[in-house]
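The values are calculated or read from the model by the stated rules, or taken from the named source; none is laboratory data. Everything numeric here is computed off the predicted structure, so don't read it as measured data. We place every Cβ from the backbone using ideal geometry, glycine too, and count neighbours over all the protein chains shown.
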Amino acid sequence: MKIRVGYGYDVHKLGNGLRLVLGGIDIPHTKGCIAHSDGDVLIHALCDAILGAANLRDIGFHFPDTSADFENIDSKILLRKTMDLVKAEGWDFANADTTICLEKPKVKDFIGKMQETLAEVMDIDADAISVKATTTETLGFVGTQDGIAAHAVVLLTK
Ligand SMILES: [Zn+2]
């Protein structure tokens, strides 16, 4: 059996009065991500980790932010397409572990819903996707609430 690990990282700038979408769900907040798509930084990191594990380039290669096709797109669609790409190469999804880095708001009450939402889109068990959140102790662009970052690692098997 082949086992492959993949890693993904994404950052978006925050802007006042925009939707904040994380892990496929809307989070009530005064700021949201500035992006070509819905700015779901967690899904973007997850897609890059999935693609990386299958050595299939990155999210910008498959879904360029210069394309009108992906303007304001629901990132859940990108995630489903990403899963289709790796499945077409014969890969099975084993698990993912992810971390969202943000100062505010507290997202712990939304973690379960994010896991369920991602699992449904990816057609996997919610148990196979871990979502964690951390602050950066007010340091850096995350700490000043200028941006949100997300990290993801994924294991694929064949
Ligand atoms: Zn992104």
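Overview of results
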quantity: Region 12-29, residues that are out of contact with any Lys or Arg (no Cβ under 9 Å at 6 or more places or on another chain) and over 18 Å from L79 (Cβ atoms); calculated: K13, P28
quantity: A150 vs. criteria touching a strand residue (DSSP E or B) at 6+ places or on another chain (Cβ under 6 Å), at pLDDT 95 or above, closer than 19 Å to D58 by Cβ and of a type in the set (G, A, S); calculated: yes
quantity: Which listed residue, of R4, R57, is more than 13 Å from the ligand (Cβ to nearest atom), of a type outside the set (F, W, Y) and under 17 Å from L155 (Cβ atoms); calculated: R4
quantity: Filter pass, R4 being part of a strand (DSSP E or B), basic (K, R) and modelled with pLDDT of 95 or more; calculated: yes
quantity: So D10, is it under 19 Å from A119 (Cα atoms), surrounded by 14 or more Cβ atoms within 10 Å (Cβ to Cβ) and within 14 Å of the ligand (Cβ to nearest atom); calculated: no
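Conditions (1) surrounded by fewer than 15 Cβ atoms within 10 Å (Cβ to Cβ); (2) under 17 Å from the mean Cα position of the chain (by Cα); (3) not charged (D, E, K, R), marked per residue:
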residue: D92; (1), (2), (3): yes, no, no
residue: K106; (1), (2), (3): yes, no, no
residue: D127; (1), (2), (3): yes, yes, no
residue: A152; (1), (2), (3): no, yes, yes
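Residues checked against (1) of a type in the set (A, V, I, L, M); (2) over 20 Å from D10 (Cβ atoms):
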site: T117; (1), (2): no, no
site: D123; (1), (2): no, yes
site: A128; (1), (2): yes, yes
site: K132; (1), (2): no, no
site: L139; (1), (2): yes, no
site: A150; (1), (2): yes, no
site: L155; (1), (2): yes, no
